[in-house]
Amino acid sequence: MNINAEWPHIHLLVNHIPIMWTVFAFILYYYGTIKKNGDIQKAALLGFVATASMAWFVFRSGDNAALYMPGLPLVSLDYLYEHEQWAEKAMWALYAAGAVACIGVVKLWLRRQLHGLFFIFFSITAIVGISLSGITSNLGVKIIHPEIRPGSTLIQSPKYHEYRENRKKGGIPKSDKTTVNNAATIKPTTTVKPPPNTPNNIPAAAPSDNSTKVPTADTVAH
């Protein structure tokens with residue numbers, strides 16, 4: 001397996017972690033705070049530390065995956081660039097939230113209570129990290145999905161429904177790779193045959209104005 005060619009798949013597998021885990025850990029931390037349960041708070045903060053630790057790998061996987069994106073159809077390089085810029089901001093924001101969460105874990109480990117100042121700092125860094133991750137994710141989807149880009153016009157078409165019904169009825173073989181409105185379809189190239197009596201590697205000579213004229217009866221008489 002060529003690991004370089006797998007980076008787009010790896011990035012798709014891990015890029016949801018910063019959003020899903022941070023939101024879940026944030027809600028869990030608030031629940032533990034309301035219940036005044038230090039174990040729940042510790043578990044939530046550890047989730048933030050783990051997410052921050054993975055932020056670098058998620059960013060690097062996206063950086064490597066970007067090398068394979070420009071050659072694909074429907075890809076927007078503008079959104080690809082914006083996605084990368086916001087991803088770096090989200091990474092640093094998650095680092096900050098992870099650092100604050102790490103301080104909280106140490107304090108809970110030492111049996112110390114988390115005061116209101118910690119709650120404020122952690123809430124700010126967590127909300128910023130989650131927000132930037134959400135913006136990054138939204139831009140990432142628009143890289144290859146023109147239907148959700150601003151200004152796109154969506155027109156309903158029954159083509160897929162017709163294809164699905166024909167497929168269910170067996171009207172289209174399962175091995176058929178036909179897609180509906182697939183912009184990535186590669187048309188076969190047309191082979192141009194050389195003129196008769198012309199070698200394949202030598203182009204046909206173009207007619208010249210200075211070509212030798214055959215004398216006619218009128219010219220001979222003069």
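Values quoted throughout were computed directly from the atomic coordinates according to the rules given, and no laboratory measurement underlies them. Being a predicted model, the structure only gives us computed values, none of them experimental. Cβ coordinates were reconstructed from backbone atoms using ideal geometry, including for glycine residues, and neighbour counts include every protein chain displayed.
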(request) Return yes when ALA87 is in contact with a Phe, Trp or Tyr (Cβ under 6 Å, 6 or more places away or on another chain), within 22 Å of ILE148 (Cβ to Cβ) and crowded, with 16+ Cβ neighbours inside 10 Å and no when it is not. (result) yes
(request) Within region 84-131, track down each residue that is among the polar types (S, T, N, Q) and either farther than 21 Å from TRP56 by Cα or more than 35 Å from the chain's Cα centre (by Cα) (or both). (result) GLN113, SER123
